[in-house]
Amino acid sequence: MADKTLAGKTALVTGASSGLGVDFARELAQRGCNLVLVARREEKLKQVQAELQAAHGVKVMVVTLDLGEPQAPQLLHDHLKAQQTPVDVLVNNAGFGVFGMELEIPWDKTRQMLMLDIVALTHLTKLFARDMVQRRSGFVLQVASIGAYQPSPTYAAYSAAKSYVRSFSQALNYELRGTGVSSTVISPGVTATEFLEVSGQRTTAYQRAMMMTSAEVAAIGIRAMLQRRYSVVPGFLNWLAAVFTMITPDPINAAAAYRLMKN
Ligand SMILES: NC(=O)c1ccc[n+]([C@@H]2O[C@H](COP(=O)([O-])OP(=O)(O)OC[C@H]3O[C@@H](n4cnc5c(N)ncnc54)[C@H](OP(=O)(O)O)[C@@H]3O)[C@@H](O)[C@H]2O)c1
C-alpha cells in the first residue's frame with residue numbers, strides 16, 4: 001500500500017540484483033516509492049525492474065555499475081543529476097564477505113571487498129546525503145552485519161569493515177540531528193541470500209538454525225529507517241547475541257565467533 005512518506009519519492013538501492021537488495025526494493029516499491037537499482041548483473045536488475053513496475057506501477061531505473069571502482073559513486077551521482085532524479089532514500093546495501101584465514105586470502109580479494117563495503121558506501125553517503133540535507137529531507141539505510149559487534153576470525157576483514165559501517169552510521173546520524181535526514185544502520189545475522197556462496201563458506205549448523213529470510217530482514221530494516229531509528233538488529237536471537245557481545249570481553253567474543261563459523 002502506498003505510504004505518505006515515500007509515495008512518489010525516489011530510493012537508490014545498491015546491490016539490488018539479489019538477496020536483501022531485491023527485498024529492500026520490494027518494500028520500498030510497495031509503499032509507492034520510485035527506484036534506482038544498482039549492481040553489476042544487468043539481467044537480474046531488469047527482472048527486478050519488470051516485477052516491481054508491473055506489481056506497483058512505480059518507475060524503476062536500472063544502472064549497471066561496479067561500485068568497487070573508485071570513480072563509480074561519483075559517476076552514479078553525476079548520472080542521476082543529469083537525469084534530474086533527486087534521491088530521497090539511499091539504501092547502501094551492496095557488499096560481500098570473504099571467508100577464510102586472513103593471511104591466506106589474496107590481497108586483491110580483500111581490497112575489492114574494502115572498496116565496496118567501506119569506500120563506496122562512505123562516498124555514496126557523502127554525495128547523496130549532502131543533497132538530502134540541502135533539501136532538508138531524506139533517509140539513509142546502511143547495511144552492516146551482526147559481525148560488526150565482535151571480532152570474527154575467518155571473517156576478520158569483513159567483520160571489521162562492518163564495524164566501520166556501524167560506527168560510521170551512528171556517528172553520522174548524530175551529526176545529522178535537526179537536518180531532516182537520518183542514517184539508520186541495520187546489522188543482520190545470517191540471512192538466506194547468495195552471501196555464503198559468494199563468501200566461499202559452507203553453511204554451518206549454527207547458521208542453518210539462525211537463518212532469517214531476506215524478506216523478513218528487509219521489512220524490519222525499512223520500518224526502522226522510516227522510524228529514524230539509529231540502529232536495528234533484526235531477529236530476537238540476533239539481538240540477544242549482539243547484547244551478549246557488549247557485556248563479554250572481546251577475546252571471548254572472538255573465540256565464540258570462531259567456533260560458530262567452523263563447519
Ligand atoms: N546474507 C547474510 O547472511 C548477511 C548478513 C549480514 C549482512 N549482510 C550484508 O547484506 C548486504 C547484502 O548482501 P546479501 O546477503 O543480499 O548478498 P547477495 O545476495 O550476495 O547480494 C549482494 C549484492 O551486492 C551486489 N554487489 C556485489 N559486488 C558489487 C559491486 N562491486 N558493485 C555493485 N554491486 C555489487 C550484488 O550484485 P552483482 O553481483 O550483480 O553486482 C548483489 O546484488 C551486504 O552488504 C552483506 O554484507 C548479509
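Observations, loosely collected:
- In percent, rounded to a whole number, the relative contact order of the chain is 18, using alpha-carbon pairs under 8 Å and six or more apart.
- Tensor-based shape of the stretch 154-197 (alpha-carbon gyration tensor, a/c under 1.5 rounded, otherwise prolate or oblate): oblate
- Qualifying aspartates and glutamates (Cα of each under 16 Å from Cα of Lys4; at least 8 residues distant if same chain): Glu27, Asp88
- With an a/c value of 1.5 or above and a/b larger than b/c for the gyration tensor axes a ≥ b ≥ c computed over the alpha-carbon atoms, the chain is described as prolate.
- Listed residues Ala55, Leu65, Leu20: farthest to the positive end of the dipole of the stretch 1-93 (Cβ charges): Ala55
- Tensor-based shape of the stretch 154-263 (alpha-carbon gyration tensor, a/c under 1.5 rounded, otherwise prolate or oblate): prolate
- For the chain, the dipole from Cβ point charges (+1 on Lys and Arg, -1 on Asp and Glu) about the Cα centre works out to 600 debye, to the nearest 20.
- Protection proxy ranking, peptides 51-61, 134-144, average beta carbon neighbours within 10 Å, highest first: 134-144, 51-61
- Here the stretch 85-149 and the stretch 166-218 have alpha carbon centers that stand 11 Å from each other.
- Across the cross-link table entries Lys46/Lys81; Lys9/Lys262; Lys44/Lys81, which are compared at the Cα atoms, the separations over 32 Å belong to Lys9/Lys262.
- Ranked packing of 124-130, 19-25, most packed first, by mean Cβ within 10 Å: 19-25, 124-130
None of the figures in this text is laboratory data; all of them are computed from the coordinates on show. Bear in mind the structure is a predicted one, so any value in this text is a computation, not a measurement. Counting neighbours? That spans all protein chains shown, and the Cβs are built from the backbone with ideal geometry, glycine included.
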